[in-house]
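Quick one: the structure is below, questions incoming.
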Amino acid sequence: MTTHITDRPSAGPVEPSPPSPPPPPFDPELAPVVEILTDLRSPDAYRPDNIVEMRRPVPGVETPGDEVLSRGGAYSVEERTVPGPDGEPDIALLICLPKHATTPVPAIYHIHGGGMIVGDNRFGLVEMVNLAEPMGMAVVSVEYRLAPETPHPGPVEDCYAGLVWVSDHAHELGIDPERIVVGGASAGGGLAAGVTLMARDRGGPAVLAQLLLSPMLDDRNDSPSARQMRGLGIWDSSSNETGWNALLGDGVRGGPDVSPYAAPSRAADLSGLPPTFVDVGSAETFRDEDVAYASRIWQAGGRLELHVWPGGFHGFDVVAPHAAMSQDAVTARAAWLRRQLLVRPTASIE
């Protein structure tokens with residue numbers, strides 16, 4: 001087994017941040033949505049003292065039930081409790097399986113977003129099932145413990161333990177263990193990247209590809225895009241600081257000892273990773289860290305497809321799904337995913 005280096009680069013002296021340039025323009029179709037979101041959102045919407053409050057249900061926003069996830073009976077929906085990391089509590093997996101599969105199917109192992117501090121295994125799942133259904137894929141969504149109650153490494157270890165269980169029980173579930181895609185959006189994308197690094201370094205499970213949608217990768221939170229977008233959109237640098245401090249601890253975030261499994265941008269070695277998809281908006285906090293991560297995978301000899309959606313804000317495709325650019329983004333993800341499955345999307349479906 002090849003040994004990969006994951007030592008953190010040494011931290012140099014901290015230089016003052018340069019002045020922030022103005023933000024790039026929002027897509028004309030999305031700009032009115034951003035104005036509404038900015039009006040509704042306080043400048044420090046996610047603060048250490050209101051995390052519990054932010055976890056409460058949002059009026060008018062329903063958690064998708066089994067009937068929605070079943071896609072009109074095309075999927076069975078089951079929640080299972082499986083062993084967590086060694087010595088830690090069990091974890092819950094929400095398992096959506098195509099009902100009419102006759103041979104093992106590929107799967108998306110989904111890790112939900114929420115800034116490391118909010119969300120559950122149904123959050124963002126409708127979009128993943130929508131992506132998976134035309135290709136006859138299963139979707140398994142993991143319920144990981146949230147920060148700050150469970151700091152690093154708890155969340156990423158939970159996600160890794162769930163992946164191990166799915167791989168070990170793939171045949172029982174009717175899943176092809178050689179065609180599991182790890183994916184997630186925002187914090188879920190960052191955790192997906194961390195889990196994929198773990199799988200590489202620990203010799204498994206096999207990961208066919210990783211699907212990273214606007215992933216939260218860098219605890220340092222000081223890129224030009226983070227400074228440009230402060231106070232704008234759904235998740236700005238202030239909220240980002242709250243999330244990272246909850247996961248790592250105030251005083252640890254941004255320092256020299258942050259694990260690459262917590263903040264994948266800290267990994268010194270990005271070789272040996274499976275094919276990767278990264279997309280991000282040009283007008284969001286995570287733009288520059290995501291583009292840098294993509295470039296470093298290329299520099300390490302990896303296969304990666306990168307999309308930077310011009311004028312897209314964080315989560316634009318979920319908040320404004322009918323916008324032309326949102327539909328283009330979903331189409332691009334589906335096309336990439338289909339290629340990873342070797343153009344065999346429905347071979348196992350009647």
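The values are calculated or read from the model by the stated rules, or taken from the named source; none is laboratory data. Remember, predicted model here, so these are calculated numbers, not experimental data. Note that each Cβ is placed from the backbone with ideal geometry, even for glycine, and that neighbours are counted across all protein chains shown.
Does A199 count as in a loop (DSSP other than H, G, I, E, B), among the hydrophobic types (A, V, I, L, M, F, W, C) and farther than 16 Å from V280 by Cβ? So that I can check it myself, show each step before the final result.
Working: in a loop (DSSP other than H, G, I, E, B): no; among the hydrophobic types (A, V, I, L, M, F, W, C): yes; farther than 16 Å from V280 by Cβ: yes.
Against the criterion (in a loop (DSSP other than H, G, I, E, B), among the hydrophobic types (A, V, I, L, M, F, W, C) and farther than 16 Å from V280 by Cβ), A199 does not qualify.
Pull up the range 281-301, narrow it to residues that are of a type in the set (S, T, N, Q) and touching a residue at least 40 places away in the same chain (Cβ under 8 Å), then point me to the one that is farthest from A185 (Cα to Cα). Step through it out loud before you land on a result.
We begin by selecting, within the range 281-301, every residue of a type in the set (S, T, N, Q); these are 282, 285, 295, 299.
Then keep just the ones that are touching a residue at least 40 places away in the same chain (Cβ under 8 Å); that gives 282, 285.
Numbers: S282: 16, T285: 14 Å.
It comes out as S282.
Looking at this structure, is V142 without any contact (Cβ under 8 Å) to a residue 60 or more places away in the chain and within 23 Å of P205 (Cα to Cα)?
Working: without any contact (Cβ under 8 Å) to a residue 60 or more places away in the chain: yes; within 23 Å of P205 (Cα to Cα): yes.
It is true that V142 is without any contact (Cβ under 8 Å) to a residue 60 or more places away in the chain and within 23 Å of P205 (Cα to Cα).
Assuming N50 fulfils every condition listed in (1) modelled with pLDDT under 65; (2) surrounded by 12 or more Cβ atoms within 10 Å (Cβ to Cβ) apart from one, which condition is it?
Among (1) modelled with pLDDT under 65; (2) surrounded by 12 or more Cβ atoms within 10 Å (Cβ to Cβ), N50 violates only (1).
Something else about it: For the range 53-95, enumerate the residues that are part of a loop (DSSP other than H, G, I, E, B), exposed (fewer than 15 other Cβ atoms within 10 Å of the Cβ) and among the polar types (S, T, N, Q).
Within the range 53-95, just T63 meets the criteria.
Anything in the range 247-260 that is surrounded by fewer than 24 Cβ atoms within 10 Å (Cβ to Cβ) and either within 20 Å of A192 (Cα to Cα) or under 19 Å from the mean Cα position of the chain (by Cα) (or both)? List them, or say none. Please lay out each step first, then the result.
As a first pass, look at the range 247-260 and keep what is surrounded by fewer than 24 Cβ atoms within 10 Å (Cβ to Cβ): 248-260.
Result: L248, R253, V258, S259, P260.
Working only within the range 96-105, note down all residues that are out of contact with any helix residue (DSSP H, G or I) (no Cβ under 7 Å at 6 or more places or on another chain) and in a strand (DSSP E or B).
Those that are out of contact with any helix residue (DSSP H, G or I) (no Cβ under 7 Å at 6 or more places or on another chain) and in a strand (DSSP E or B): P98, A101, V105.
Does L304 qualify as being crowded, with 23+ Cβ neighbours inside 10 Å and without any contact (Cβ under 8 Å) to a residue 60 or more places away in the chain?
Working: crowded, with 23+ Cβ neighbours inside 10 Å: no; without any contact (Cβ under 8 Å) to a residue 60 or more places away in the chain: yes.
Taking the combined requirement at face value, the residue does not satisfy it.
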